[in-house]
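The block underneath contains the structure these notes are about, expressed in structure tokens.
The values are calculated or read from the model by the stated rules, or taken from the named source; none is laboratory data. Please read these numbers as outputs of a predicted model, since none were measured by experiment. Reconstructed Cβ throughout: ideal geometry from the backbone, glycine too, with neighbour counts over all protein chains shown. Surface accessibility is based on the protein's heavy atoms, side chains included, excluding ligands, DNA and RNA. Shrake-Rupley method; radii C 1.70, N 1.55, O 1.52, S 1.80 Å.
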Amino acid sequence: MTVQICSCEGLDPKCKKCFGSGYMNTQFAEKTIKASAKKESAKQESFLPDTIESLSRKEIENFVPKIIDTLDLKSKKQMQILHAIPFNTTTFRRDFKAKFELLGKIEEEKQSLRNELDVISNALSSSKYSVAFKYGHFLSDKVIDVTSNRELKTLIRAYKKLKK
Ligand SMILES: [Zn+2]
């Protein structure tokens, strides 16, 4: 049985396909793949409209908590996935291929959200005013190289320290 990443990425605990795990077996996947194929390309969520020049400062600021909440949620999911990978084994990359794929996919989405924050930061910054964002999760402002075992282990360790 092969596993497939669910379209909800495990962010929906009530998901009927994966039940919140983020993975579904292919028997389920075959059917949903066709339905979600079209959506997939347009799926990347964008909070910002094409042009934000016409918006007021307040309107632009209002996007920030939504974007950061989404970043935090995706970060939380990433940490859950990381905790479910037995890094002390020698075959975890192979055994948990789907988990690493999902980690990478979420990381891509987080990067595009960070890009949106950059756009906002640039729009709001002036010579006397710079913008600092407050994140709710340890991983939200971390750019993660999911191919680096060492980096992932370091992040897990730092996170555990933080939680103590
Ligand atoms: Zn799902």
Task: Given (1) touching a residue at least 60 places away in the same chain (Cβ under 8 Å); (2) under 10 Å from the mean Cα position of the chain (by Cα); (3) open to solvent by 70 Å² or more (accessible area, probe 1.4 Å), index of the condition residue 108 fails - done: (1)
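Among residues belonging to region 81-94 that are in a helix (DSSP H, G or I) and surrounded by 13 or more Cβ atoms within 10 Å (Cβ to Cβ), point out the one that is farthest from the chain's Cα centre (by Cα).
Taking region 81-94 as the starting set, the residues that turn out to be in a helix (DSSP H, G or I) are 81-83, 92-94.
Next, from what is left, pick out any that are surrounded by 13 or more Cβ atoms within 10 Å (Cβ to Cβ): 81-82, 92-93.
Numbers: 81: 11, 82: 13, 92: 21, 93: 20 Å.
The qualifying residue farthest from the chain's Cα centre (by Cα) is 92.
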TODO: Take residue 131 and decide whether it is open to solvent by 30 Å² or more (accessible area, probe 1.4 Å), at pLDDT 95 or above and not in a helix (DSSP H, G or I).
DONE: no
Open item on the list: What's the number of the only condition in (1) at pLDDT below 90; (2) of a type in the set (D, E, K, R); (3) within 29 Å of residue 160 (Cβ to Cβ) that residue 39 fails to meet?
Closed with: (3)
